[in-house]
Amino acid sequence: MDFSMNGTERMDTKTNILEIRNLHAGVEGKQILKGVDLTLRAGEVHAIMGPNGSGKSTLSQILAGRDGYEVTEGQVLYLGKDLLEMDPEERAREGVFLAFQYPVEIPGVNTTYFLKAAANEVRKHAGQPELDAMEFLALVKEKMKILHLPEDFLKRSVNDGFSGGEKKRNEIFQMAVLEPRLAVLDETDSGLDIDALKVVAAGVNKLRRPENAQLVITHYQRLLNYIVPDFVHVLSEGRIARSGGKELALELEARGYEWVTGTELQPA
Amino acid sequence: MIEGLVRTEYKYGFVTDVEADAAPPGLNEGIIQFISAKKQEPDWLLEWRLKAYRHWTTMKEPHWPHLKYPAVDFQDMVYYSAPRRKTDGPKSLEEVDPKLLETYEKLGIPLRERERLAGVAVDAVFDSVSVATTFKDTLAAKGVIFCSFSEAVREHPDLVRKYLGMVVPYTDNFYAALNSAVFSDGSFCFIPKGVRCPMELSTYFRINAANTGQFERTLIVAEEGAHVSYLEGCTAPMRDENQLHAAVVELIALDQAEIKYSTVQNWYPGDAEGRGGIYNFVTKRGLCRGKQSKISWTQVETGSAITWKYPSVILQGEDSVGEFYSVALTNNRQQADTGTKMVHIGKNTRSTIISKGISAGKGQNSYRGLVKIQKSATNARNFSQCDSLLIGNKCGAHTFPYIEVKNTTASVEHEATTSKIGEDQIFYCNSRGISTQDAVNMIVNGFCKEVFKELPMEFAVEAQKLLGVSLEGSVG
Ligand SMILES: Nc1ncnc2c1ncn2[C@@H]1O[C@H](COP(=O)(O)OP(=O)(O)O)[C@@H](O)[C@H]1O
Ligand SMILES: [Mg+2]
C-alpha cells in the first residue's frame, strides 16, 4: 500500500526509518492488530488517529518491545533491521523512543540519575564517551528550558507524584535529552491543558530533523494543530482504515470516527 | 608454655595431641577449659566462660523467629580450631573457585585483597601489615586501644573485666550464652575520655580478623565525650565450612560519647537451592550509659542463609539517642528475621528506626522491632519507618512491630509500606536503554538511599555494588 496518493509526493532517496508490513498481533489470545502497514521515512511526521480500543497503544508497545504481545504475522523493520528481534533496551540504544501514554512512576530513583543512565547507555552503544555529571547537567539544563520545567524537577523521583501534565512533559523532556531517530508519542496530548499542549508540541517540533521520524498517536485532532503531520492514518479495528494528508484529521474531527469505522479499506 | 597446655588438658579428662589445632567435636566443660588454656586466659575469664556454659545448658534454642531451618546439633560442632595456616588454604588464586573470583572482581576488590579473602596464603610482605602498623601508632598516640580480644585480655585485663558482659550478660539469650562460653576471638576497642578517634576503625585493618572464628566477640567502650566510628565485616562472600556464626557485640557509651557502628555483612548465603550457607545468630547491643550519649547502628545485610539479628540500644542516660538504619536483602532461599530494640529508660531519650527489607527469589524477610518506653522515660520519642520491597511473586515480607509504652508523655510513631518492583517499571527503564539488571539495581538503591547515606562513603559504594551482585539473576 502506498500512502502518497493524496498528492504529497515523497522523495525516494529518503531513508526508510520504520517499515511495518502486514503486522498481526494480539495479547492473551485476543487479536488486536490485523494487518497494519506503515512506512515512515526520514524527516517525516506521521499521525495515527483512531477510536479508543482500536489498538494504537498496542502498536506503540510492540514497537517498544513490551513483553506479552504476540506477533502472529508480518514484519517490522527499523533502519532496515528486524526490530522485533531486538530487546527493548537495544531498541532504545539504537534510537527508538516511546513517549508512554501512561508514564510509570519509579519512587526513589532520581530523575537526573535515571536520565543520565539512559543517555549514557545510548552513547556507549554508539561508541561515544559517557558524559560525567557536570557535562550531563549542562545538557539537561538546556533541554529543560525548552519544556519550561521547574528547577526542582531534576531532584524528584522519576514521575513520582507528578501531575498528569508533568508526566507528559517529562516524556518529551526525556525525548529531548535522548534525541531519538524514531520517536513514537502515544497520546502525549491527553491530560494536557492548552498551554501545556503548546509547550509540549513546541518541544516536539524542535526535535524535528531531516534525519528523524516521528509517529504521533492521538485520539483528538487538537494536537495536530500544533504538531503538523505530513501524513495522517486512521487505525480502526486493527488496520489502517484510511490514510491521507493533514486535512484528513480535520475531516475526521468534523465527521467523527464512525465515518471510517466499519468501512472497507479504501483510498480517499 | 606447651607443658602448661599439656597439663591443663590432662587435668580435664580428655586427651588431645598437643600438636592438634582443633578440639574434638562437641561441647562440655573440658572443651571450654581447652579453649581458655589455648588462649592462656586468666582464671576469672575461664570462670566466666564456665558460668556461661552452665547457664546455656539450662536454656532452649529460641523458636519464635519467623525462620525455618533444620535443628542445629550443638554436639556435632567443633568449637575451637586454630587459625588456618599457610598450608591449609589454596596456594594461589588459580586454586580458588572461579565463581568466587568473579564476584570479587565485580565488587572491585583489589587483587591482593581478593587473595586474602579467598584464604590464599599470603606472605608476610603484605600491604595491610604495614598499614596496620602505622595505624596502630597513630591510635596509640591518642590513647586509643584497638586490638584483638585475646590481646586485650592479656594487655588490658582490667578494662575487659570491667565491661565484658555489661550490656549482653551471658544469661541474655541462648546464642549469647553459647558465645560467652566458647568465643574464640574478636575485637576490643577503647576510646579514652575526650578523644575523637582520628580514623574509622575497621576490622579490615586488623589482620587477625580474617580468620576469627565463628564465635567472635566485640567490645567497644567510648568514655566521656569520646567519638568513634567502627566498620565491621568485609563486603565479599566468604566460603566457610562453618554453619553457625554466633557473635556478640557490646557497645558502651558514657556521657556525651558517640559510637557509630556500621556493618556490611555478606557471609555465604548458600546456593540457589538453599544448600549450605551461614546461620548468622548474632547479639548486638549498645548501652547509652551516659547523658547525651549516642549509639547508631547501620547495617547492610545481604549474606547468610539465615539471619537472626537485632542490634539494639538501651537508652539509659538522659537525652541519649539511639539509631538503627538497616537494609536486609534476602534472595533465593535466604531468610532473615532482623530488626532492633530501643529501650527508653532515661528522660528525653530519642530513637529512630529506618528499616528497608528487600525480598527476591524465594527469600523471606521479616522485620521485628521493639520500642519500649519505661516509666522513667519522660518525654521519650521514637520514630520508626519500615519499608519492604518485593521482587517477584515467590518471596515474602513480614513486619512485627512491638510497642510497649509505660509513660504517657512519650511519643511513638510507626510507619510501614510494602511495594513491589513492577514489570511496568522495568519495561519503562528498558525502553530508555537501561537493562533489566541495572533497572532493578537502580530501584533497589533508590529504596535504600536513606540507609546508605548513613554509611561512610566508600562503604556506601561497596554496599551498593554488593546489592547489585546479590540480586543478579533475580529478575527476568
Ligand atoms: N494487556 C492486555 N490484555 C488484554 N487486552 C488488552 C491488553 N492491552 C490491550 N488490550 C485490548 O486491546 C484493545 C486495544 O487496546 P489499545 O491498544 O490500548 O487501544 P488504544 O490505545 O487505541 O485505545 C482493547 O480492546 C484493549 O482492551
Ligand atoms: Mg492508547
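The values are calculated or read from the model by the stated rules, or taken from the named source; none is laboratory data. The structure presented is a predicted model; accordingly, all values stated were derived computationally and were not measured. Note that we place each Cβ from the backbone using ideal geometry, even for glycine, and neighbour counts take in every protein chain shown. These accessible areas exclude ligands, DNA and RNA; they are computed on the full protein's heavy atoms, side chains included. Shrake-Rupley method; radii C 1.70, N 1.55, O 1.52, S 1.80 Å.
Here are a few things to note about the model shown:
- B:A439 falls short of the stated requirement of being away from chain A (no Cβ under 13 Å) and either touching a strand residue (DSSP E or B) at 6+ places or on another chain (Cβ under 9 Å) or not β-branched (V, I, T) (or both).
- Only one entry of A:G74, A:G95 meets the criterion of being away from chain B (no Cβ under 11 Å) and of a type outside the set (D, E, K, R), and that entry is A:G74.
- If you go through segment B:417-433 and keep only what is of a type outside the set (A, V, I, L, M, F, W, C), facing chain A (nearest Cβ under 7 Å) and in a helix (DSSP H, G or I), you end up with B:D424, B:Q425, B:Y428, B:N430.
- Test for B:E301: is it acidic (D, E) and either farther than 22 Å from B:H63 by Cβ or surrounded by fewer than 24 Cβ atoms within 10 Å (Cβ to Cβ) (or both): no
- Helices (runs of 4 or more DSSP H) enclosed by segment B:1-68 - at least 3 residues per element that are modelled with pLDDT under 90: B:2-11, B:29-38
- Members of segment B:52-83 found to be under 17 Å from B:D172 (Cβ atoms) and among the hydroxyl-bearing types (S, T, Y), listed by number: B:Y53, B:T57, B:T58
- When A:R66, A:R41 are checked against the criterion of being within 13 Å of ligand 1 (Cβ to nearest atom), among the charged types (D, E, K, R) and under 19 Å from the mean Cα position of the chain (by Cα), a single residue qualifies: A:R66.
- Qualifying residue in segment A:151-170 (condition: over 28 Å from A:I62 (Cβ atoms) and in contact with a strand residue (DSSP E or B) (Cβ under 6 Å, 6 or more places away or on another chain)): yes
- Residues of segment A:46-55 that are within 9 Å of ligand 2 (Cβ to nearest atom) and surrounded by fewer than 21 Cβ atoms within 10 Å (Cβ to Cβ): A:N52, A:G53.
- Among the residues of segment A:67-97, those that are at pLDDT 95 or above and closer than 14 Å to B:Q425 by Cα comprise A:P88, A:E89.
- The condition (being touching a strand residue (DSSP E or B) at 6+ places or on another chain (Cβ under 9 Å), more than 16 Å from ligand 2 (Cβ to nearest atom), within 13 Å of another protein chain (Cβ to nearest Cβ) and at pLDDT below 95) is satisfied by just one residue among A:G108, A:G35: A:G108.
- Residues of segment A:193-220 that are more than 16 Å from ligand 2 (Cβ to nearest atom) and either part of a strand (DSSP E or B) or touching a residue at least 60 places away in the same chain (Cβ under 8 Å) (or both): A:K206, A:R208, A:R209, A:P210, A:E211, A:N212, A:A213, A:Q214.
- Count of residues meeting criterion [basic (K, R) and in contact (Cβ under 8 Å) with a residue 24 or more places away in the chain] in segment A:78-109: 2
- Count of residues meeting criterion [within 14 Å of chain A (Cβ to nearest Cβ) and either open to solvent by 20 Å² or more (accessible area, probe 1.4 Å) or under 19 Å from B:N332 (Cβ atoms) (or both)] in segment B:449-476: 8
- Within this structure, A:L59 fails the test of being assigned to a strand (DSSP E or B), within 16 Å of ligand 2 (Cβ to nearest atom), touching a residue at least 60 places away in the same chain (Cβ under 8 Å) and surrounded by 19 or more Cβ atoms within 10 Å (Cβ to Cβ).
- Test: residue in segment A:48-63 that is farther than 24 Å from A:R222 by Cα, within 16 Å of ligand 1 (Cβ to nearest atom), within 14 Å of chain B (Cβ to nearest Cβ) and over 14 Å from the mean Cα position of the chain (by Cα): no
- Taken residue by residue, segment B:400-415 has no member that is surrounded by fewer than 16 Cβ atoms within 10 Å (Cβ to Cβ) and at the interface with chain A (Cβ under 9 Å from one of its Cβ atoms).
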